[in-house]
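A.B. asks: The structure follows.
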Amino acid sequence: MARQKHGRKLDGWLVLDKPQGITSTQAVNKVKRALDAQKAGHGGTLDPLATGILPIALGAATKTVPYVMDGTKLYHFTIKFGEARDTDDAEGAVTQTSAVRPGEAQIMAALPAFRGLIMQVPPAYSAIKVEGERAYDLARAGAPPALPPRPAQVDRFEMIGRPDADSAMFEVESGKGVYMRSLARDLSRALGTVGHITVLRRLRVGPFTLEMAVPMDRILDPGHTPAHLAELLSPIETALDDIPALALTASEAHALSQGQAISLVALMGRIPEAANPDGGLVRVLAAGRVLALARLVDGWLTPERLIQQFS
């Protein structure tokens, strides 16, 4: 007998403004309990120190998480110069100090080297797996791993404030898997000093912005029932707005939902101009609802991920 699932079947996204002091997993669990939802996940980890946009997927929306995580992120953070920390943020222990404080002109001159496709060593306190173990677990056990550098796409890196000689504020727009703590650490070193992040806030993840975000206090307000909170959800397709849409007939949708490819000849005139005919991803619609994600491959529309069952 199949195990009965607990909670309500909810499909959609809740855009949380994560508060400081809790992990992303803890935030997801709080939201899941408050909405009495069967299934939940998040679209991109935030450190406990960090605040801001944490997109939380419920139900069928969890199938679109990888596409959200591939989206562009926007961050604001503050570096404190003169102290290195083992976590590369204010929560860690001091490991090194320096009396050097860079000037504004020095900082501006150093930033271009950290834009574009760069090689970045992730923080030792990160969720990266090393021989089956999380890097942060190894670091907490006193054996921080030597992580290899990996490619990181930084689209924008600007200084936006200089409160005092000890600190500077930055805005970063980046792709998937870029660590702000590593940027802060490496920029400080390039400036001949050491530093760590004291404030970190994420302002955007793909299509999700702060204007859409709900504070945790509202989620946990005992005056709000799960039914009322469910009204805060955005549709599943919100996460896929930047993927070209292709509408199918009922018979085509049924075939695709059964794993069958569809000839692009039959879809002539409906294929969106923005779709790349050589392996491009499209958002498949049926009866006005997102059915699946599919690719245009060798003259066929090939299903990649079924989002919702066709009915």
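A.B. asks: What percent antiparallel are the DSSP beta bridges of the chain, to the nearest 5?
C.D. replies: Here the antiparallel bridges make up roughly 85 percent for the chain.
A.B. asks: Would you mind checking which residues have amide H under 5 Å from residue 46's amide H? H placed 1.01 Å from N; only 5 or more apart, or other chain.
C.D. replies: Here 24 satisfy the definition.
A.B. asks: Tell me, what HN-Hα J-couplings in whole Hz come from the Karplus equation 6.51 cos²θ - 1.76 cosθ + 1.60 at θ = phi - 60° for each residue of region 215-222, using x for Gly and Pro?
C.D. replies: x, 4, 4, 5, 5, 8, 4, x
A.B. asks: For residue 301, enumerate residues with amide H under 5 Å from its amide H, sequence gap 5+ or separate chain, H modeled in the peptide plane.
C.D. replies: 262, 263, 264
A.B. asks: Further question on the same structure: For the chain, give the magnitude of the charge dipole about the Cα centre (Cβ charges: +1 Lys/Arg, -1 Asp/Glu; no others), in debye to the nearest 20.
C.D. replies: Value, rounded to 20: 720 debye.
A.B. asks: In addition: Would you be so kind as to identify which of 34, 128, 90 lies farthest towards the positive end of the dipole of the chain, taking Lys and Arg as +1 and Asp and Glu as -1 on Cβ and the Cα centre as origin?
C.D. replies: Value: 34.
A.B. asks: Which one of 16, 195, 275 is farthest out on the positive end of the charge dipole of the chain, using unit charges on Cβ (Lys, Arg +1; Asp, Glu -1) and the Cα centre as origin?
C.D. replies: So the residue we want is 16.
A.B. asks: Next up: How many nm separate the modelled label positions at residue 210 and residue 39, each set 7 Å beyond the Cα in the direction of the Cβ?
C.D. replies: 3.3
A.B. asks: Counting pairs of alpha carbon atoms under 8 Å apart in space and at least six apart in sequence, what relative contact order in percent does the chain give?
C.D. replies: 21
A.B. asks: Using a ≥ b ≥ c from the Cα gyration tensor of region 1-119 (square roots of the eigenvalues), is it rounded, prolate or oblate, where a/c under 1.5 gives rounded and otherwise the larger of a/b and b/c decides, a/b for prolate?
C.D. replies: In terms of gyration-tensor shape, prolate.
A.B. asks: Another question about this same structure. Points 7 angstrom from Cα along the Cβ direction at residue 264 and residue 309: gap in nanometres?
C.D. replies: Taking the simple label geometry, residue 264 and residue 309 are separated by 3.2 nm.
A.B. asks: What ratio of Cα Rg to 2.2 N^0.38 Å holds for region 73-205?
C.D. replies: This ratio for region 73-205 stands at 1.01.
A.B. asks: If you don't mind, another one. For residue 32, which aspartates and glutamates qualify as cross-link partners when the Cα separation must be under 16 Å and same-chain residues fewer than eight apart are set aside?
C.D. replies: Within reach: 11, 17, 217, 221, 231.
A.B. asks: With the convex hull built on the Cα atoms of region 243-306, state its orientation-averaged projected area in nm².
C.D. replies: Spelled out: convex hull of the Cα atoms, projected over all directions, averaged, 3.6 nm².
A.B. asks: Along the charge dipole of the chain, which of 163, 152, 230 sits closest to the positive end, that is, farthest toward it, with unit charges on the beta carbon of Lys, Arg, Asp and Glu (+1, +1, -1, -1)?
C.D. replies: Farthest along the dipole direction, towards plus: 230.
A.B. asks: Same structure, new question: Below 8 Å, C-alpha to C-alpha, sequence gap of six or more: please give me the relative contact order for region 243-306 in percent.
C.D. replies: In percent, rounded to a whole number, it is 38.
A.B. asks: Now for a separate question. In sequence order, what are the phi-derived ³J(HN,Hα) couplings for region 102-116 according to the Karplus relation 6.51 cos²θ - 1.76 cosθ + 1.60 with θ = phi - 60°, rounded to whole Hz, with x for glycine and proline?
C.D. replies: The phi angles translate into x, x, 4, 5, 4, 4, 4, 6, 7, 4, x, 5, 10, 10, x Hz.
A.B. asks: When the dipole is taken about the Cα centre of region 73-205, and only Lys, Arg (+1) and Asp, Glu (-1) are charged at their Cβ, what size is it in debye, to the nearest 20?
C.D. replies: Dipole magnitude for region 73-205 comes out near 300 debye.
A.B. asks: Quick one: what are the phi-derived ³J(HN,Hα) couplings along region 271-280, Karplus 6.51/-1.76/1.60 with θ = phi - 60°, whole Hz, x for glycine and proline?
C.D. replies: 5, x, 4, 6, 6, 7, x, 9, x, x
A.B. asks: How long are the semi-axes of the ellipsoid equivalent to region 150-211, from square roots of 5 times the Cα gyration tensor eigenvalues, in whole Å, largest first?
C.D. replies: Equivalent-ellipsoid dimensions as semi-axes: 22, 16, 9 Å.
A.B. asks: For residue 247, what residues show an amide H to amide H distance below 5 Å, using hydrogens built from the backbone and excluding near sequence neighbours?
C.D. replies: Correct list: 285.
A.B. asks: Something else: Scattering from the C-alpha atoms of the chain alone, worked out with Debye: what is log10 I(q)/I(0) at q = 0.09, 0.10 1/Å?
C.D. replies: Results for the chain at q = 0.09, 0.10 Å⁻¹ read -0.56, -0.68.
A.B. asks: With n ≥ 4 as the cut-off for DSSP H runs, can you work out [θ] at 222 nm for the chain, using -39500 (n - 2.57) per run divided by the number of residues, rounded to the nearest 500?
C.D. replies: -5000 deg cm²/dmol
A.B. asks: Turning to a different aspect of this structure: What is the magnitude of the charge dipole of region 1-126 about its Cα centre, with +1 placed on the Cβ of each Lys and Arg, -1 on the Cβ of each Asp and Glu, and no other charges, expressed in debye to the nearest 20?
C.D. replies: 760
A.B. asks: I want to verify a result. In a Gaussian network model of the chain, Cα cutoff 10 Å, which of these has the top mean-square fluctuation: 278, 137, 241?
C.D. replies: 278
A.B. asks: Over 26 Å between C-alpha atoms is what I'm after, so list which of 80/129; 9/73; 18/129; 30/80; 9/176 land there.
C.D. replies: In this structure, 80/129; 9/73; 30/80; 9/176 exceed 26 Å between Cα atoms.
A.B. asks: Take the Cα atoms of region 50-125, find their three principal axes, and give me the spread along each one in whole Å, biggest first.
C.D. replies: 52, 30, 22
A.B. asks: Now, a different point. Expressed as a whole number of Å, what is the distance separating the alpha-carbon centroids of region 169-206 and region 14-80?
C.D. replies: 19
A.B. asks: Taking R0 as 30 Å, what's the FRET efficiency between residue 150 and residue 227 from their Cβ-Cβ distance, rounded to 0.05?
C.D. replies: Given R0 = 30 Å and the Cβ-Cβ separation, E is 0.10.
A.B. asks: Okay, next question. If one takes the longest principal axis of the Cα atoms in the chain, at what angle in degrees, from 0 to 90 and to the nearest 10, does the Cα axis of helix 180-190 lie?
C.D. replies: 40
Any read-out appearing in this document is the output of simple, stated calculations on the displayed coordinates, not a laboratory observation. Just so it is clear, the model here is predicted, and its values are computed rather than measured. Here the Cβ is made from the backbone with ideal geometry for all residues, glycine too, and neighbour counts use every protein chain on show.
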